[in-house]
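Student: Pasting a structure here, questions to come.
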Amino acid sequence: MTALPIIATAVPVGIAFGVVLERAGLGDARVIRGQLVGRDFTVVVVMFGAIVTAMLGMLWMDALGLVPAITVATPPTDLAAQAVGAIIFGGGFGIAALCPGTACVAAASGRRDGVAAVAGVFAGTLLTPLAWPSLGRVVA
């Protein structure tokens, strides 16, 4: 399969998912913060719906032979690297009250906190290869 059909499918699905997140209010850090402190469960409801939709989509695509479930990659897990990543991700999530997806939604909506969070994701993505020789010793 060439990349074009994948991109032609992924872009509209990603845009639609972003619209759903924005319409549900998940581009607002106050909603995310409400989830983190146990006051607003909008995130749980929306993400549960997204997970069930993805599971059903995978089930149907496998049943129709479009995407055999066996071809979906499940990489091995390195627990030390996962722990370091979780600490970094959790720190950014706690500070910004936005995960990468909701940060993109917030940035696309013109919210400055979303733009700052997306800039932080890009900075981290660019700086990780520079820090990897040191990080490799920690997580190896």
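Student: Quick test of your reading of the structure: Ala107 fulfils all but one of (1) touching a residue at least 12 places away in the same chain (Cβ under 8 Å); (2) under 17 Å from Ile32 (Cα atoms). Name the failing condition by number.
Tutor: Condition not satisfied by Ala107: (1).
Student: Quick one: which helices (runs of 4 or more DSSP H) lie wholly within the stretch 68-140 and hold at least 2 residues that are within 18 Å of Gly14 (Cβ to Cβ) and among the small types (Gly, Ala, Ser)?
Tutor: Numbers: elements: 79-96, 100-108, 112-139.
Counting at least 2 such residues, we get 100-108, 112-139.
Student: For the stretch 27-67, enumerate the residues that are loosely packed, with under 14 Cβ neighbours inside 10 Å and assigned to a loop (DSSP other than H, G, I, E, B).
Tutor: Val37, Gly38, Arg39, Phe41, Leu64, Gly65, Leu66
Student: Which residue pairs have Cβ atoms closer than 8 Å, lie 6 or more positions apart in sequence or on different chains, and pair a first residue in the stretch 41-70 that is over 30 Å from Arg30 (Cα atoms) with a second residue that is among the β-branched types (Val, Ile, Thr)?
Tutor: From residues that are over 30 Å from Arg30 (Cα atoms), the pairs are Met58/Val67; Met58/Val72; Met61/Val67.
Laboratory data are not the source of any read-out in this text; all were calculated from the coordinates shown. Everything numeric here is computed off the predicted structure, so don't read it as measured data. Counting neighbours? That spans all protein chains shown, and the Cβs are built from the backbone with ideal geometry, glycine included.
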